[in-house]
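Okay, structure first, notes after.
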Amino acid sequence: MAITSKDVRHVAALARLSPTDEDVELYTGQLQRILAHVEKISELDTEGVEPITTTAPVSGRMREDVVIKGLMNEDALKNSPLSARDSFKVPKIIE
Amino acid sequence: MNYEPVIGLEVHVQLKTESKLFCGCSTKYGAGPNSQVCPVCLGMPGVLPVLNRRAVEYAVMMGLATGSRINHESVFARKNYFYPDLPKGYQISQYEEPLVEDGHMDIEVDAATKRIGITRIHMEEDAGKLNHGATAEEAGSSFVDLNRTCVPLIEIVSEPDIRTPDEASAYLKAIHDIVVYLGISDGNMDEGSFRCDANVSVRPVGQEEFGTRTEMKNINSFKFVKDAISYEIDRQIEAIEDGEKIVQETRLWDSQRGVTVSMRSKEEAHDYRYFPEPDLMPLVVTEEMISDLKDSLPELPAAKKVRFIEEYNLPPYDAGVLTSERPLADYYEETVKLAGDAKVASNWIMGELLRLLNEENRSIEDCPVGPEALTELIGMIKKGAISNKVGKDVFEEMYKSKKSAEAVVKEKGLTQISDTGELSGAIDKVLSANPDEVERFRGGETKLMGFFVGQTMKATRGQGNPGLINKLLKEKLGG
């Protein structure tokens, strides 16, 4: 699959990034090479092979439903660039 | 041209766990902003989610209650989008391999039963909450509260089997009844524990393929789901007849104005780039776990209704009302057990009790008159200590004052007069005050009996024993 500068711009927009034209050109080339490599791998015949979602042994590790005290409000907000009203403050989100 | 609506619902149910889906933070509603958060649900770098076992059990229970297939292995996936209520930049959900698939829910509309297919039930975490600046100073800001992030949800996705707004409402109600019956959610719609998205399209009757659909988000009442869908059906039909094209989009139900409005702002974001969540192992649910949960399932509303009809000989309508909520059904069964009379218990609950509760919009759980107190009242009527009519007043007083039936009767001097001498005197007075009627009765106008009974009841302030009055009147008038 060939990747185009349009794809790069779309993915960048989804990630809220605004790359320059040079960036887009650079990334398009880089991503093309990465995908070409993946394409090479996909030449392998994987018929009848179960897809692997994790390399760790599958185990049903779960936790019990018990409350554990988390962070104090001021600690939770400590690294936030802006905060007020015990909350993270962000530019207004228009619904 | 005639059009047929095609409707599918996605119902989001908050599971009633103590802690969140992937961390130990409390899920309690109403706490101060960002007071129930930790590095995991804040999306700090380097943290790992660990799945809450109870949430999985609750999701499996819902699967079992809807006759669905429980997948022994399912996979969590990342749904990627940027929004300030989502600190990680993705929501952990399930996509290609959900926990539950292929179920159904039977609903009743216009006395007919209809089966609505359930495509899937998957687990996911909730997002945070945005509060918008109210004052002039704060007008340019939003305030993010992440207490709700990572709270466990199940999303129940129906097949597009629903055809009318009434069916949609009945389906939503049936799902609600079941999650509350199972005790897996508090079903509180005002607090957002139970909400749905509705997908609506219309097509000419007879056409196979579906029309273009729109999706309405976050509907949180049985009435709104009906209103929103009705509006949307009309809007789409009108647009098609005017030669317009329906745009596939997300719309919002504005309950104040009674219209749906387009939410264009979210359109571009519909590319979620799902992929398997690398931080979580596939979810494995063993046959043993499923069969244990199966054994623990309570009797569900539909089965209970059938049993009430058979066991207590109730009309289907009464059985339906009495089984609509588990606490009400329990209240009824407790009363039957104590009072030993299924029909009388049903009459009291369906009549006086629900009338008073509904007047105040109160739930059966905080009904001031419990099954024991009601049984005492029923007992007094059976014994003939008070009449059924007086019993209703006594009940209302018990409801208001929380006093026992006996206390109310004593206080108000309401004991039924079953003393032959006293009643006989009252009857004599009635007969001598109404000589014309006595004459007509003796001349064959026997329906005047009711009049004499009424007059005597009035004279005894409703406390005369009606059976005894009847008997005495017959003796006196016949003689």
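Test B:Ala405 against the stated conditions and say whether it is of a type in the set (Gly, Ala, Ser), modelled with pLDDT of 85 or more and not assigned by TED's automatic domain parsing to the domain that holds B:Leu328.
No; evaluated as a whole, the condition is false for this residue.
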Among (1) at pLDDT 90 or above; (2) farther than 30 Å from B:Asn147 by Cα, there is one condition A:Glu50 misses while meeting the rest; what is its number?
(1)
So for segment B:132-155 (the condition being under 29 Å from B:Ser26 (Cβ atoms), in contact with a Lys or Arg (Cβ under 6 Å, 6 or more places away or on another chain), among the basic types (Lys, Arg) and outside any loop (DSSP other than H, G, I, E, B)), does at least one residue qualify?
no
All but one of (1) of a type outside the set (A, V, I, L, M, F, W, C); (2) more than 14 Å from chain A (Cβ to nearest Cβ); (3) out of contact with any helix residue (DSSP H, G or I) (no Cβ under 9 Å at 6 or more places or on another chain); (4) under 30 Å from B:Gln36 (Cα atoms) hold for B:Tyr181; state the number of the condition that does not hold.
(3)
Note: among B:Glu57, B:Glu73, just one is at pLDDT 95 or above, surrounded by fewer than 23 Cβ atoms within 10 Å (Cβ to Cβ) and of a type in the set (Asp, Glu), namely B:Glu57
Within segment B:69-81, is there a residue that is within 13 Å of another protein chain (Cβ to nearest Cβ), out of contact with any helix residue (DSSP H, G or I) (no Cβ under 8 Å at 6 or more places or on another chain) and assigned to a loop (DSSP other than H, G, I, E, B)?
yes
Segment B:124-153 residues that are more than 7 Å from chain A (Cβ to nearest Cβ), paired with ones that are assigned to a loop (DSSP other than H, G, I, E, B) and aromatic (Phe, Trp, Tyr) (beta carbon under 9 Å, 6 or more apart):
B:Glu125/B:Phe22; B:Ala127/B:Tyr83; B:Asn147/B:Tyr29; B:Arg148/B:Tyr29; B:Cys150/B:Phe22; B:Pro152/B:Phe22
Segment B:38-54 - residue that is within 9 Å of chain A (Cβ to nearest Cβ), in a loop (DSSP other than H, G, I, E, B) and touching a strand residue (DSSP E or B) at 6+ places or on another chain (Cβ under 9 Å) and, of those, surrounded by the most Cβ atoms within 10 Å (Cβ to Cβ):
B:Cys41
Could you list all residues from segment B:323-366 that are of a type in the set (Asp, Glu), within 19 Å of B:Pro301 (Cβ to Cβ) and in a loop (DSSP other than H, G, I, E, B)?
B:Glu325
Test A:Ile93 against the stated conditions and say whether it is within 7 Å of another protein chain (Cβ to nearest Cβ), more than 30 Å from B:Val285 (Cα to Cα) and aliphatic (A, V, I, L, M).
yes
Evaluate the following for B:Leu280: is it away from chain A (no Cβ under 14 Å) and not basic (Lys, Arg)?
no
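So which residues in segment B:441-479 are among the aromatic types (Phe, Trp, Tyr) and without any contact (Cβ under 8 Å) to a residue 24 or more places away in the chain? Can you show your working first?
Here is the first cut: in segment B:441-479, the residues among the aromatic types (Phe, Trp, Tyr) are B:441, B:451-452.
B:Phe451, the sole residue that qualifies.
The values are calculated or read from the model by the stated rules, or taken from the named source; none is laboratory data. Please read these numbers as outputs of a predicted model, since none were measured by experiment. Because the Cβ atoms are built from the backbone with ideal geometry, glycine has one as well, and the counts that use them run over all protein chains shown.
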